[in-house]
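Asks: Below is the structure I would like to discuss, written out as structure tokens.
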Amino acid sequence: MEFHVSLDGPGDLVARIYRSLRDGVRDGRLRPGDRLPPSRELARTLDVSRGTVATAYERLTAEGFLEGRVGAGTFVAAGAGTGAAGPAGPAGTAAPPASPDGGLRPRTDWVAARWSPGPRTAARYDFTVGVPDTRLFPYDTWRRLIAAEWRHGREPAGYADPAGHPGLRDAIARYVGYARSVRAGADDVVVTGGAQQALDLVARVLLAPGDVVAVEEPGYPPARAAFAAYGARVVGVPVDGDGLVVSRLPADARLVYVTPSHQFPLGVAMSLPRRLELLAWAGAHDAGIVEDDYDSEYRFADRPLEPLHGLDTGGRVVYVGTFSKTLLPGLRLGFVVVPPGLRRAVRTARSLADGHGPVATEAALARFMDEGLLARHIRRTGKAYGERRSALLAGLDGALAPYLEPVPSAAGLHVCALLRSGDGATAEAVAGRARAGGVLVEPLGRYRAEAGGRGGLVLGYGAVDVADVPAGLDRIAAAFREVTPG
Ligand SMILES: Cc1ncc(COP(=O)(O)O)c(C=O)c1O
């Protein structure tokens, strides 16, 4: 690839070539040691005389930006470039990036408010919510499956179906049918880049600006943000011990987003009567329901309740799942099971968003599922998470009992616990103190769109070693003592 020499700007051709290369060295686009094209070649590319380029090169060489190596060509000089107080002058003289002010601006205000967890910071005791233990992933098996997909003659080289690899869609349909009694065929499944893209595609096809979307409060901020990004008016609806309070839904809601298996972040399961009430409400109000079943593969108590999708007779439920918890978030693989009337639209939305997913990865996951390896991996990781969860509940019942009251939950990778006294600010302060002591724990307020409500902590057990749980919780108890003395 060749460096783009711009002939824009004032001065003769020598000056323009000189300036373009000099700026490239100064701002780091050209780095010390980079080879420049021979003057004859660059002259041909720019349609100028060879002498013009040679003069520019000579000037840059004389000033220390370039150096000629006999028999090898012309290179960016070793001491040139940003950061070095060489010929480019002291650090900081680099050309500024184009239009730092002015330039394009987003039309919407959701960007600033957007939830952006990003990469995690490391901590000695990591109770981060919503992450699996990446060390448990079967890397060797995965490498074998991926390598098989990239074998010559099988290589997934071309464009593919926006709805996803057919074998994977089939495997997902069988998996949700078997494990979750979500009755679906491969045609009902669209593979997505994680649950997040599923939410984005659903918002794209179901919402117009100004539509009302009801979400749980507290709830999952990236879902709120995805709906808001399409101009929806997002309204928080309270959650009680039975899940989302249906009687509090705004009558004009076009879409209701819920996490019935394991409410995010409180952890309660939506009761069966509440599920039936929500479905009846959606039918009466001509609304859709997004059922985000993000971590129900891990179940530690109680019988699983029928998903809304399985209870739905009106084709109103869109069922969203992800492999971020069972496998790895970095795989970016999830799926959505859509009613027949939405199949084409969601498939088209995926093709508009990013064409389609990574073919080799999807094919490898299909094989992983077909060979029974996903089920085995869930069993194995579930055992590890179960032990961590037990240790966590024991600590909540022990060292943390004076401060926290766990919210009953039976599934997933986190537990929420409410403060016995104090408010959201207290929880923030405790989390801050804990962080200073090497413990990552999230205050419940992070997941509230509105101020107020009871304070609490949300404790993930996906990333923490079981042996570290008691000591981590002791430190949280110490943080409570510091923040709420007496
Ligand atoms: C409620 C909820 N939905 C979905 C997801 C998964 O998101 P994704 O599949 O985009 O990684 C998470 C992860 O934390 C979550 O908490």
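Asks: Rg over Rh of the range 365-418, using C-alpha atoms and the Kirkwood radius, what does it come to? Don't skip to the end; give the middle numbers.
Replies: Numbers: Rg = 15.4 Å, Rh = 12.9 Å.
Result: Rg/Rh = 1.19.
Asks: Rounded to the nearest 5, what % of DSSP beta bridges with both residues in the chain are antiparallel?
Replies: Working: 28 of 48 bridges.
That works out to approximately 60 percent antiparallel.
Asks: Which distance in Å, rounded to a whole number, links the C-alpha centroids of the range 157-226 and the range 326-346?
Replies: About 3 Å separates the Cα centre of the range 157-226 from the one of the range 326-346.
Asks: Here is a further query. Over all Cα pairs of the range 138-371, how is the pair count split among 10 Å bins, expressed in % and running from 0 up to the last occupied bin?
Replies: Whole-percent P(r) values from 0 Å outward: 8, 34, 36, 17, 5, 1.
Asks: Okay, next question. Counting only DSSP beta bridges with both residues in the range 158-256, tell me the antiparallel percent, nearest 5. Each step should come with its number before you reach the end.
Replies: On the way: 2 of 11 bridges.
Antiparallel: roughly 20 percent of the beta bridges in the range 158-256.
Asks: May I pose another question? Tally Lys and Arg at +1 and Asp and Glu at -1 over the other residues with C-beta under 15 Å from the C-beta of residue 279: what net charge comes out? Before the final figure, lay out each step's value.
Replies: Values: positive: 274, 275, 316; negative: 242, 277, 286, 291, 306, 312.
Net charge around residue 279: -3.
Asks: Also, I was wondering about something else. Which whole-number percentage describes the relative contact order of the range 138-371, with Cα contacts under 8 Å and a sequence gap of 6 or more?
Replies: Details: 421 pairs, mean separation 64.9, N = 234.
So the answer I get is 28 percent.
Asks: Another question, if that's okay. Which log10 I(q)/I(0) values does the range 391-452 give at q = 0.13, 0.16, 0.27 Å⁻¹ under the Debye formula, counting every alpha carbon as one identical point scatterer?
Replies: The calculated log intensity ratios at q = 0.13, 0.16, 0.27 Å⁻¹ are -0.36, -0.55, -1.40.
Asks: Could you point to the residue in 285, 14, 28 farthest towards the positive end of the chain's charge dipole, with +1 and -1 charges on the Cβ of Lys/Arg and Asp/Glu respectively?
Replies: Of the listed residues, the answer is 14.
Asks: Out of all Cα-Cα pairs in the chain, roughly what percent, to the nearest whole number, are more than 31 Å apart? Provide the component values of the computation, followed by the final result.
Replies: On the way: 65896 of 117855 pairs.
Counting every Cα pair in the chain, those more than 31 Å apart make up 56 percent.
Asks: Something else: Roughly how tilted is helix 166-180, in degrees to the nearest 10 and between 0 and 90, from the longest Cα axis of the chain?
Replies: Rounded to the nearest ten degrees, it is 30.
Asks: Follow-up question, since we're still on this one. Might you tell me the accessible area per residue for the chain, computed with a 1.4 Å probe and given in Å²? Present the calculation step by step, with values, prior to reporting the outcome.
Replies: Values: 22400 Å² over 486 residues.
With all protein chains present, the chain gives 46 Å² per residue.
Asks: Round to a whole number: what % of the accessible area of the range 291-410 belongs to carbon and sulfur, probe 1.4 Å? Walk me through the intermediate numbers first.
Replies: On the way: 2530 of 4870 Å².
Heavy-atom surface of the range 291-410 belonging to carbon and sulfur, 1.4 Å probe: 52 percent.
Asks: Using the Karplus curve 6.51 cos²θ - 1.76 cosθ + 1.60 with θ = phi - 60°, what ³J(HN,Hα) values do you get for each residue of the range 401-418, in whole Hz, with x for Gly and Pro?
Replies: My calculation for the range 401-418 gives 4, x, 10, 10, 10, x, 8, x, 8, 10, 9, x, 10, 8, 10, 9, 9, 8 Hz in order.
Asks: Take each of the peptides 150-163, 9-22, 453-466, 62-75, average the number of other beta-carbon atoms within 10 Å over its residues, and list them starting from the highest. Before the final figure, lay out the partial values.
Replies: Details: 150-163: 12.2, 9-22: 16.9, 453-466: 23.1, 62-75: 14.2.
Per-residue Cβ counts within 10 Å, averaged per peptide and sorted highest first, yield 453-466, 9-22, 62-75, 150-163.
Asks: Divide by every residue of the chain the summed helix terms, -39500 (n - 2.57) for each DSSP H run of at least 4, and state the resulting mean residue ellipticity at 222 nm, rounded to the nearest 500 deg cm²/dmol.
Replies: The helix-only estimate for the chain comes to -11500 deg cm²/dmol at 222 nm.
Asks: Moving on. Going by alpha carbons, how many degrees (0 to 90, nearest 10) lie between the helix axis of 343-354 and the longest principal axis of the chain?
Replies: Taking Cα atoms only, the helix is inclined about 40 degrees.
The values are calculated or read from the model by the stated rules, or taken from the named source; none is laboratory data. From a predicted model like this one, the values you see are computed outputs, not experimental measurements. For neighbour counting, all protein chains shown are included, and Cβ atoms are generated from backbone atoms with ideal geometry for every residue, glycine included. Just the protein is used for accessible areas: all its heavy atoms, side chains included, with ligands, DNA and RNA removed. Shrake-Rupley method; radii C 1.70, N 1.55, O 1.52, S 1.80 Å.
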